[in-house]
Amino acid sequence: MSEQPATFWQHLDVMRGGLIRSAAVVLTAAVVVFMLKEPLFRWLLWPLEPDFPTWRLLAGLGLKQVLPEAELINTELARQFIIHMQAALVTGLIIALPYVEFEVVRFVRPALYEHERRRVIPVVVAAYLLFMAGIALAYWVLFPFTYLFLADYQVAGTVHNWISLQSYTSTLMLMALMMGLMAELPVICRILWRMGLVSRKGLQRYRRHAIVGIFILAAVLTPTGDAFTLCLVAVPIWLLYELSALVIR
């Protein structure tokens, strides 16, 4: 006797179980990270130190960077504790992301054909690696140069920069998550191609428009104004666009 297909409510119950388990793993990772306050904020505040690898690399190339004299301040009683929780939660989510992806794959796998099941694992692994690469680009390149420019920027000599810890951490985490999501472009294009919404010829036809849009986006993300930082952000995104055209043959 053949098995009866699962009902809508059974699928909903399976999805709810996956969401609960994923939330539990994320919260567990966040609690562990929360308890490791010193190494967590050592990483978050490292771009402010002269021994940050990006600054040491530039110094080795003869391009010494002078860090801004602006200080991080806190003006709210509970703000540092809230920032600590936010940073722990975002970091816990990044750490637990492989398990979250595992739950997503386990939920959708029964609805896939056999040949699709063999392809889903490489796609998930590629998505995670691209996401981490985007975060690395934001942490090591995009945010340090953004801070280097904005923390020392003044509209007048009488206006001094006192940067709040909330502004610093939220900008860093937002940039990291945004670049991580943008790095998913090849995977997203692959999925859209499978759905018949994009084609390789279409990506090639609009390549010039895409390059202009990428550089405009990079200019928005990098308000430093120098061509070096602009290219550091725009070129990887452009290469991801080209990679997207290759993976949707």
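Values computed for the structure shown
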item: Candidates per trypsin sites (Lys or Arg not before Pro) in region 5-78, loop by DSSP, up to 13 other Cβ within 10 Å; result: LYS64
item: Förster-model FRET efficiency, 22 Å R0, LEU72 and VAL31, C-beta, rounded to 0.05; result: 0.30
item: Kirkwood hydrodynamic radius of region 185-249, Cα pairs, Å; result: 12.3 Å
item: Overall Cα dimensions of region 126-249 - principal axes, largest extent first, Å; result: 57, 28, 20
item: Long-range amide H partners of SER164 with built H, under 5 Å; result: ILE73
item: Residue exposure sequence - SER22, SER164 - by fewest surrounding Cβ within 10 Å; result: SER164, SER22
item: Hydrodynamic radius (Kirkwood) for the chain, which is based on Cα pairs only, to one decimal in Å; result: 21.0 Å
item: Region 137-182: chymotrypsin sites (Phe, Trp or Tyr not before Pro) in DSSP loop, at most 14 other beta carbons within 10 Å; result: TYR153
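Computed from the coordinates by the stated procedures, all read-outs in this text should not be read as laboratory data. Everything quoted here is computed from the prediction, not taken from an experiment. For neighbour counting, all protein chains shown are included, and Cβ atoms are generated from backbone atoms with ideal geometry for every residue, glycine included.
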